[in-house]
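In what follows, a structure is listed as structure tokens, so that the remarks can point back to it.
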Amino acid sequence: MPEPAELPRLALDGGPGRPFPVLAAAYLREYLDKVRLAVAKLDDDDVWFRPGGGTNSIGNLLLHLRGNLSLWLLGRVGGRAVERHRAAEFAADRSGGKAELLDRLGEVVEEAAGILEALGDADLGRRLTVQGYETDLLSALFHPVEHMSYHAGQIVWVAKQRLAARVSRIEFYPRHAGE
């Protein structure tokens, strides 16, 4: 697993005027960096800790994000063959260490980002079906980016709870300190 950078890459640092698929790729990378930073100081027990009944561990969420991005972006948008077992993502318990889970998610994020960056404006209206939803490519890009944002926030929250006694804080935006 590559060591996380001190700070995440920020999608907004790319400036204005980028096509939506390029911006979407930048946000996927930003969320991945935030997840890596939050999880870096955790051990494997922390990664598989379930905060309460009916909740998912960070490990489950890492598997789930990999599955979701693979299905939506690699499979349906990119046209690759993808086999996914969604229920297994949530049922898993200690089915990998944090390094392996983060590496596998990182591979999917980079592959998905490459697919997104290769799209043109004319592609965005293309119709497709994903998980039984009739949609267009623009929506099929927006959904997994928003989905990764949602679960990245959950992962960061659980990591902060697990690290509260060991680490002073996880800082993503030091340039905004004191605002």
Checklist entry - Near the amide H of V130, under 5 Å away, which other amide H atoms are found, from residues 5 or more places off or on another chain, if H is placed in the peptide plane? => result T135
Checklist entry - Any idea what log10 I(q)/I(0) is at q = 0.19, 0.20, 0.22, 0.32 Å⁻¹ for the range 132-179, Debye with uniform C-alpha scatterers and no solvent? => result -0.76, -0.80, -0.86, -1.07
Item to check | Separation of the E111 and D43 label points, Cα + 7 Å toward Cβ, nm | outcome: 3.3
Item to check | Acute angle (nearest 10 degrees) that the helix 58-69 long axis makes with the longest principal axis of the chain, alpha-carbon atoms | outcome: 10
Checklist entry - Gain in length, F172 to F20, computed as 0.36 nm per residue apart minus the alpha-carbon separation, to one decimal in nm? => result 52.4 nm
Checklist entry - For the pair E100 and L10, how long in nm is the line joining their label points, each one 7 Å along Cα→Cβ? => result 3.6
Checklist entry - In degrees between 0 and 90, to the nearest 10, how far off the longest principal axis of the chain does helix 98-117 point, with axes built from Cα atoms? => result 30
Checklist outcome for this item: From DSSP H assignment alone, runs of 4+ in the chain each adding -39500 (n - 2.57), the sum over residues rounded to the nearest 500 puts [θ] at 222 nm at -16000 deg cm²/dmol
Checklist entry - If you wrap a convex hull around the Cα atoms of the chain, how much volume per residue is inside, in Å³? => result 131
Item to check | Extended-chain gain in nm, criterion 0.36 nm per residue less alpha-carbon gap, T129 and V82 | outcome: 15.5 nm
Checklist outcome for this item: In whole angstrom, the spacing between the Cα centers of the range 54-130 and the range 137-165 equals 13
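With N denoting the number of residues in the range 95-152, provide Rg(C-alpha) divided by 2.2 N^0.38 Å, to two decimal places.
It is 1.33.
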Item to check | For the range 82-96, 3J(HN,Hα) per residue [Karplus equation, 6.51 cos²θ - 1.76 cosθ + 1.60, θ = phi - 60°, Hz, x = Gly/Pro] | outcome: 10, 10, 10, 10, 4, 4, 5, 4, 8, 7, 4, 8, 6, 8, x
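Bear in mind that the values in this text are calculations on the coordinates, not laboratory data. Everything numeric here is computed off the predicted structure, so don't read it as measured data. All Cβ positions, even for glycine, are placed from backbone atoms using ideal geometry, and neighbour counts span all protein chains on display.
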